[in-house]
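S.K.: Starting off with a structure, shown below.
The values are calculated or read from the model by the stated rules, or taken from the named source; none is laboratory data. The shown structure was predicted, so the numbers you read here are calculated from the model rather than taken from an experiment. We place every Cβ from the backbone using ideal geometry, glycine too, and count neighbours over all the protein chains shown. Just the protein is used for accessible areas: all its heavy atoms, side chains included, with ligands, DNA and RNA removed. Shrake-Rupley method; radii C 1.70, N 1.55, O 1.52, S 1.80 Å.
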Amino acid sequence: VEKNKSIENTTLAKVGDAVLDSLELVTIDDVIGPSSEKGDSCIESNNKVIVENAPSLRRFEEEVDRWVSELNQDLESGNDDDEGILLKYAWGIDCEWKPGPDCGGKSPVSTLQLGTREKAFLIDLQTICRDQDSFYTEKALEDQLNQILLKLFRDTNIPLVGYGVLQDLGKLAASFPHLECFLEFTSVLDLQSISSVVYNTK
């Protein structure tokens, strides 16, 4: 029985690999649409920004700083309603990594997606960050991203909202253990947990 299961699993893995190989390659341009600026500039189109170089990191930092500043102004003026803060200042978060027969267990996170009500940022972690086995990436970009994300992830007043987000946060920490920004998150809402309570499901 165990031998048959092993053969069956191997066959399924081969079929899965064949299906993946047969899929059409989708590029970032396909997803984000035509952009007005490329090359060394920030690739931005329709309120979507690809973060992969110094100019796009600056654009991302400007947005984070703006949201933190506006939030602090609201809090100082006495507007500290939790529901209002959540609706106005929450950032959506999601991660993607290469799939595989082990559910991508050995693949590091490739993209980190962060978005506000106004703008979405697709952060190319494979370009900006060094994984444990590679030291080819310019460390200055990685350090800059680390500092920007620390501002966002450590702010107790800015909620990070995602679906099944705890798996994503764990995967980020495992993929880039040398980056401080992925080791501590202070305000996270998992919509999967909330929906299980609301809809009385497992």
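S.K.: Out of the residues in the stretch 41-80 meeting the condition of being among the charged types (D, E, K, R) and surrounded by 15 or more Cβ atoms within 10 Å (Cβ to Cβ), tell me which one is nearest to LEU149 (Cα to Cα). Quick ask: steps written out before the conclusion?
M.R.: Applying the first criterion (among the charged types (D, E, K, R)) to the stretch 41-80 yields 44, 48, 52, 58-59, 61-63, 65-66, 70, 74, 76, 80.
Applying the additional criterion that residues be surrounded by 15 or more Cβ atoms within 10 Å (Cβ to Cβ) yields 44, 48, 52, 59, 61, 63, 74.
Values: GLU44: 20, LYS48: 18, GLU52: 14, ARG59: 13, GLU61: 9, GLU63: 12, ASP74: 21 Å.
For the stretch 41-80, the residue satisfying everything is GLU61.
S.K.: Applying the selection to the stretch 143-168, what residues are of a type in the set (A, V, I, L, M, F, W, C) and either without any contact (Cβ under 8 Å) to a residue 40 or more places away in the chain or open to solvent by 80 Å² or more (accessible area, probe 1.4 Å) (or both)?
M.R.: LEU149, LEU150, PHE153, LEU166
S.K.: Still on this structure: Of the residues that make up the stretch 54-68, is at least one more than 22 Å from THR111 (Cα to Cα), at pLDDT 65 or above and of a type in the set (Lys, Arg)?
M.R.: yes
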